[in-house]
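Colleague: Below you will find the structure I want to go over with you.
The values are calculated or read from the model by the stated rules, or taken from the named source; none is laboratory data. Fair warning: this is a prediction, and the values are worked out from it, not measured in the lab. Every residue, glycine as well, gets a Cβ built from its backbone with ideal geometry; the counts of neighbours run over all protein chains shown. Surface areas here come from the heavy atoms of the whole protein model, side chains and all, with no ligands, DNA or RNA. Shrake-Rupley method; radii C 1.70, N 1.55, O 1.52, S 1.80 Å.
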Amino acid sequence: MAKKPTPEELSKINYSLPYTGWMYNPVEFKDGMFCNASKPESLNTVDFPNARKWSVKDEDWNLPENWKEIVLEAMKERLEKYRSFRLFMDICVRCGACADKCHFFLGTGDPKNMPVLRAELIRSVYRRYFTKSGQMLGNLAGGRELTLDVLKEWWYYFYQCSECRRCSVFCPYGIDQAEITMIGREILNLLGLNIEWIAGPVANCFMKGNHLGLEPHTIKSNFEFMIDDIEEITGVKVDPSFNRKGAEVLFVAPSGDMFGDPGTYTCMGYMMLFHEIGLDYTWSTYASEGGNFGFFTSNEMAKRLNSKIYAEAQRLGVKWIIGGECGHMWRVMHQYMDTWNGPADFLEVPVSPITGTKFENAGSTKMIHIAEFTADLIKHGKLNLDPSRNDHLKVTFHDSCNTSRGMGILDEPRYVIKNVCNNFHEMPEDTIREKTFCCGSGSGLNASENMELRLRGGFPRANAVKHVQQHHGVNMLANICAIDRAALPPLMNYWVPGVDVAGMHELVANALVMKGEKERTQDMRLEDLPEKEGAEDV
Amino acid sequence: MSDDVNKGMPVDLDEEGYLIDYHQWDEAIAHALAEKEGVGELTPDRMEIIKFMRTYYEKYNYYPILRHVCKNVHQEKECINEEFIDPLKAVKIAGLPQPTGEVVAYLKDEVA
């Protein structure tokens, strides 16, 4: 970001519309609002086309000579392949219901961040080349020539959409803007036009099994450190296994939880929970990533990265899979994995060995979300919990876009949190559950160089947190997403100082009374717990 | 790399100020990098942090969890933020390669 604006400056947003039309104004690349270009080595790792050094602000993007042909051919192919894409191109009546629902529009005031207009960037090209009226009448019929300026505009705005799908909740036709962005990005990738914050993790995941590029011995070392911390806090030594053949369950988490705070506290929570209930499970250093940045690149890349989860489950001979707290990971698991890499006939429908609950909802994928698993344990009274150990926290819950809108995990996390915390306050109704506001950094936009975009995009979410901070003294923003755990701390520090960020299983771990544990004097962050006696006096 | 970045430095740095050749590092370079980053004097506590980060990197081909560093050098668990303000400055002074964007996102929770 060029110069860090103050929150007061940044919150002055100009919503007045420009006098000139939108169609023929070349895009202006504003510092702080876009991510760095992908590096050739990242694209080469996964054999993506046109790997070369390029820079966003260069006039010449070093595109192949026939780039226009490639784009139009790719559009044609996808219009035939995906009925949804053609439908979304055809049926929008431009009613504008979505316009003010996008966090990026609310935070920037840029009309091209209205979902309807962002889609129109590609829809206008669709009309010009793929509809009779557009072919004959050109821009009279809303058609637009595909030029380099148009392509650059696509790049700028398709990497200013976090694929959160809030707009689709309000669209009377149910147009899924995320799918339009996904197709747009997929086409851009045919020309080597990715961002490094996506291309780098994709390459890492392809080579080493996870976005961060953690190698097996590094993962092991990080776990040993966390195990040591758990023992210091609880007196209990947990003993997770890695790549263990014959385990009943494979557990796959986002790699961020194995490296960055506060994700590591959540990771410790997973380990403590599984230890306490005696689950026969294993981690994998090969399928060491639940997230899938391929999903922000192309369907094909997402499929390639996703395939290792079933491959590893088969190799290890597990019966079923649990997945950790991650957002976009779950849109992939829930809506794509089975079609791409299934059917996983070698696995069994998940049955909790502790409660006997059969997760019929995962009858096809054979993979369940840890929020479902833990909620089921609590519902059956299988966990000994002391929520007062979270009494120093006043908690609210941020629904990740993908777990809420993408798969309908709405009540399970709330049920868990209310059972492990005594102080829970919801944010306003229009900002939670299906209508949740994005963190502003999803879909691979969590870079440093686009910090102004992230702060602007995260403004509506932060505003809702501020509301519960002011009314209820909320000081902890819980979530079930690793991107949230990386993206929300700077967002809170900027807009709502005094609010910290935690994964749900960190809160579970605080409250979890383990067999043989010592008296807890510290929470999962090794912070002293407030005096219990004082709390009882109140 | 720009000349400005390298001004007065006996070694080559990349555009962001990270040492290009990890092996060129020695304590004198660390002092020069610390001065360039505005960290000031490299006290024994700070040098201990830096050295642990290097040892870890050599063994694991990766950046250590920040708390892990502090625990191992027996300092406060926020030692890196306290001693260097910005964890990335510690990475630079330790002569480690520039971390990828995602690593940066997990190391920093302040707005740049």
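Colleague: Here are some conditions: (1) closer than 23 Å to residue A:199 by Cα; (2) aromatic (Phe, Trp, Tyr); (3) open to solvent by 10 Å² or more (accessible area, probe 1.4 Å). Residue A:293 meets all but one. Which one does it not meet?
Modeller: Here residue A:293 clears every test but (3).
Colleague: Which condition does residue B:46 not pass, out of (1) in a helix (DSSP H, G or I); (2) of a type outside the set (Val, Ile, Thr); (3) open to solvent by 70 Å² or more (accessible area, probe 1.4 Å), if it passes all the others?
Modeller: (3)
Colleague: Now for a different question. Return yes when residue A:493 is open to solvent by 40 Å² or more (accessible area, probe 1.4 Å) and closer than 16 Å to residue A:104 by Cα and no when it is not. Steps first, please.
Modeller: Values: open to solvent by 40 Å² or more (accessible area, probe 1.4 Å): yes; closer than 16 Å to residue A:104 by Cα: no.
No: the conditions fail for residue A:493.
Colleague: Turning to a different aspect of this structure: Quick one: in the range B:91-112, of everything that is in contact (Cβ under 8 Å) with a residue 12 or more places away in the chain and part of a loop (DSSP other than H, G, I, E, B), which residue is nearest to residue A:289 (Cα to Cα)? Break it down stepwise before answering.
Modeller: Kept after step one, since they are in contact (Cβ under 8 Å) with a residue 12 or more places away in the chain, are these residues of the range B:91-112: B:91-99, B:103-104, B:107-108, B:110.
From what's left, part of a loop (DSSP other than H, G, I, E, B): B:94-99, B:108, B:110.
Working: B:94: 28, B:95: 28, B:96: 25, B:97: 23, B:98: 22, B:99: 19, B:108: 21, B:110: 25 Å.
Taking the candidates together, the pick is B:99.
Colleague: Moving on to the next point. I'm trying to understand the selection: among the residues of the range A:162-172, which are farther than 15 Å from residue A:120 by Cβ and either out of contact with any helix residue (DSSP H, G or I) (no Cβ under 8 Å at 6 or more places or on another chain) or open to solvent by less than 20 Å² (accessible area, probe 1.4 Å) (or both)? So that I can check it myself, show each step before the final result.
Modeller: Within the range A:162-172, the first condition is being farther than 15 Å from residue A:120 by Cβ, and the residues that meet it are A:162-166, A:168-170, A:172.
Across the range A:162-172, the qualifying residues are A:162, A:163, A:164, A:166, A:172.
Colleague: A further question on this structure: Name the residue that is nearest to residue A:263 (Cα to Cα), counting only residues in the range A:313-323 that are buried (at least 19 other Cβ atoms within 10 Å of the Cβ) and touching a Gly at 6+ places or on another chain (Cβ under 9 Å).
Modeller: A:323
Colleague: Residue by residue through the range A:250-284, note down the ones that are assigned to a loop (DSSP other than H, G, I, E, B) and open to solvent by 20 Å² or more (accessible area, probe 1.4 Å). Show your work before the answer.
Modeller: So the first thing to find is which residues in the range A:250-284 are assigned to a loop (DSSP other than H, G, I, E, B), and the list is A:253-254, A:259-262, A:278-280, A:284.
Hits for the range A:250-284 are A:261, A:278, A:280.
Colleague: If we scan the range B:56-66, do we find a residue that is assigned to a helix (DSSP H, G or I), at negative phi and away from every other protein chain (no Cβ under 11 Å)?
Modeller: Filtering the range B:56-66 down to residues assigned to a helix (DSSP H, G or I) leaves B:56-60, B:66.
Among the residues that remain, those that are also at negative phi are: B:56-60, B:66.
Okay, now just the ones that are also away from every other protein chain (no Cβ under 11 Å), so B:58.
For the range B:56-66, residues assigned to a helix (DSSP H, G or I), at negative phi and away from every other protein chain (no Cβ under 11 Å): present.
Colleague: Regarding the range B:55-65, can at least one residue be identified that is among the aromatic types (Phe, Trp, Tyr), open to solvent by 20 Å² or more (accessible area, probe 1.4 Å) and either modelled with pLDDT under 95 or in contact with a Ser or Thr (Cβ under 9 Å, 6 or more places away or on another chain) (or both)?
Modeller: Among the residues of the range B:55-65, at least one is among the aromatic types (Phe, Trp, Tyr), open to solvent by 20 Å² or more (accessible area, probe 1.4 Å) and either modelled with pLDDT under 95 or in contact with a Ser or Thr (Cβ under 9 Å, 6 or more places away or on another chain) (or both), which makes the answer yes.
Colleague: Do you know which of the residues in the range A:2-51 that are at positive phi and of a type outside the set (Asp, Glu) is nearest to the other protein chains (Cβ to nearest Cβ)?
Modeller: Start the filter on the range A:2-51 by keeping residues that are at positive phi, which leaves A:32, A:47, A:50.
If we keep only those that are of a type outside the set (Asp, Glu) too, we end up with A:32, A:50.
On the way: A:32: 10, A:50: 21 Å.
Once the filter is applied, the top-ranked residue is A:32.
Colleague: Considering only residues that are among the aliphatic types (A, V, I, L, M), away from chain B (no Cβ under 14 Å) and within 25 Å of residue A:510 (Cβ to Cβ), which ones fall in the range A:254-298? Outline the logic, then answer.
Modeller: Filtering the range A:254-298 for residues among the aliphatic types (A, V, I, L, M) gives A:258, A:268, A:271-273, A:277, A:279, A:287.
Those left that are additionally away from chain B (no Cβ under 14 Å): A:271-273, A:277, A:279, A:287.
Scanning the range A:254-298 gives A:271, A:272, A:273, A:277, A:279.
Colleague: In the range B:85-102, what count of residues is obtained for those that are facing chain A (nearest Cβ under 8 Å) and crowded, with 24+ Cβ neighbours inside 10 Å? I'd like the intermediate steps shown before the answer.
Modeller: Taking the range B:85-102 first, the residues facing chain A (nearest Cβ under 8 Å) are B:100-102.
After this cut, where a residue has to be crowded, with 24+ Cβ neighbours inside 10 Å as well, the list is B:102.
Here the count works out to 1.
Colleague: Do you know which residues across the range A:119-146 are open to solvent by less than 10 Å² (accessible area, probe 1.4 Å), touching a Gly at 6+ places or on another chain (Cβ under 6 Å) and either of a type in the set (D, E, K, R) or farther than 22 Å from residue A:167 by Cα (or both)?
Modeller: Answer for the range A:119-146, where residues must be open to solvent by less than 10 Å² (accessible area, probe 1.4 Å), touching a Gly at 6+ places or on another chain (Cβ under 6 Å) and either of a type in the set (D, E, K, R) or farther than 22 Å from residue A:167 by Cα (or both): A:134, A:143.
Colleague: Follow-up. So which of B:88, B:33 is among the aliphatic types (A, V, I, L, M), in contact with a strand residue (DSSP E or B) (Cβ under 9 Å, 6 or more places away or on another chain) and assigned to a helix (DSSP H, G or I)?
Modeller: Values: B:88 fails: in contact with a strand residue (DSSP E or B) (Cβ under 9 Å, 6 or more places away or on another chain).
Going through B:88, B:33 in turn, just one is among the aliphatic types (A, V, I, L, M), in contact with a strand residue (DSSP E or B) (Cβ under 9 Å, 6 or more places away or on another chain) and assigned to a helix (DSSP H, G or I): B:33.
Colleague: Out of all the residues in the range A:299-312, is one or more free of Cβ contacts under 8 Å to residues at least 40 places away in the same chain, crowded, with 22+ Cβ neighbours inside 10 Å, under 16 Å from the mean Cα position of the chain (by Cα) and more than 14 Å from chain B (Cβ to nearest Cβ)?
Modeller: There is at least one residue in the range A:299-312 that is free of Cβ contacts under 8 Å to residues at least 40 places away in the same chain, crowded, with 22+ Cβ neighbours inside 10 Å, under 16 Å from the mean Cα position of the chain (by Cα) and more than 14 Å from chain B (Cβ to nearest Cβ).
Colleague: Mind checking which residues of the range A:17-43 are free of Cβ contacts under 8 Å to residues at least 24 places away in the same chain and among the polar types (S, T, N, Q)?
Modeller: Passing the criteria: A:20, A:25.
Colleague: Scan the range B:69-79 for residues that are open to solvent by 20 Å² or more (accessible area, probe 1.4 Å) and either assigned to a loop (DSSP other than H, G, I, E, B) or within 7 Å of chain A (Cβ to nearest Cβ) (or both) and report the count. Steps first, answer last, please.
Modeller: Going through the range B:69-79, the residues open to solvent by 20 Å² or more (accessible area, probe 1.4 Å) turn out to be B:71-72, B:74-78.
Still in the list and also either assigned to a loop (DSSP other than H, G, I, E, B) or within 7 Å of chain A (Cβ to nearest Cβ) (or both): B:74-78.
Looking only at that region, the number is 5.
Colleague: Next question, about the same structure. Looking at B:41, B:82 in this structure, which one is part of a helix (DSSP H, G or I), away from chain A (no Cβ under 13 Å) and free of Cβ contacts under 8 Å to residues at least 40 places away in the same chain? Quick ask: steps written out before the conclusion?
Modeller: Details: B:41 fails: part of a helix (DSSP H, G or I).
It is B:82.
Colleague: Further, regarding this structure: Can you find even one residue in the range A:488-502 that is of a type in the set (Asp, Glu) and either over 26 Å from residue B:71 (Cβ atoms) or in the same structural domain as residue A:160 (by TED's automatic domain parsing) (or both)?
Modeller: Within the range A:488-502, the first condition is being of a type in the set (Asp, Glu), and the residues that meet it are A:500.
Cutting the leftovers down to either over 26 Å from residue B:71 (Cβ atoms) or in the same structural domain as residue A:160 (by TED's automatic domain parsing) (or both) gives us none.
No: the range A:488-502 contains no residue that is of a type in the set (Asp, Glu) and either over 26 Å from residue B:71 (Cβ atoms) or in the same structural domain as residue A:160 (by TED's automatic domain parsing) (or both).
Colleague: As an exercise: evaluate residue B:108 against (1) charged (D, E, K, R); (2) within 13 Å of chain A (Cβ to nearest Cβ); (3) open to solvent by 30 Å² or more (accessible area, probe 1.4 Å); (4) touching a Phe, Trp or Tyr at 6+ places or on another chain (Cβ under 9 Å) and give the number of the one condition it does not meet.
Modeller: The number of the failed condition is (4).
Colleague: When you scan the range A:26-37, do you find a residue that is among the small types (Gly, Ala, Ser), assigned to a loop (DSSP other than H, G, I, E, B) and crowded, with 17+ Cβ neighbours inside 10 Å, even just one?
Modeller: Of the residues in the range A:26-37, the ones among the small types (Gly, Ala, Ser) are A:32, A:37.
Subset that is assigned to a loop (DSSP other than H, G, I, E, B): A:32.
Those still in the list that are crowded, with 17+ Cβ neighbours inside 10 Å too: A:32.
Within the range A:26-37, one or more residues are among the small types (Gly, Ala, Ser), assigned to a loop (DSSP other than H, G, I, E, B) and crowded, with 17+ Cβ neighbours inside 10 Å.
Colleague: Something else now. For the range A:173-236, which helices (runs of 4 or more DSSP H) that fit wholly inside it have 3 or more residues that are open to solvent by 20 Å² or more (accessible area, probe 1.4 Å)?
Modeller: Numbers: elements: A:177-189, A:196-208, A:216-234.
In the range A:173-236, A:196-208, A:216-234 are the helices (runs of 4 or more DSSP H) which contain 3 or more residues that are open to solvent by 20 Å² or more (accessible area, probe 1.4 Å).
Colleague: Residues to consider are A:446, A:402; find the one that is touching a Phe, Trp or Tyr at 6+ places or on another chain (Cβ under 9 Å), within 14 Å of chain B (Cβ to nearest Cβ) and buried (at least 24 other Cβ atoms within 10 Å of the Cβ). Steps first, answer last, please.
Modeller: Values: A:402 fails: within 14 Å of chain B (Cβ to nearest Cβ).
Answer to the selection: A:446.
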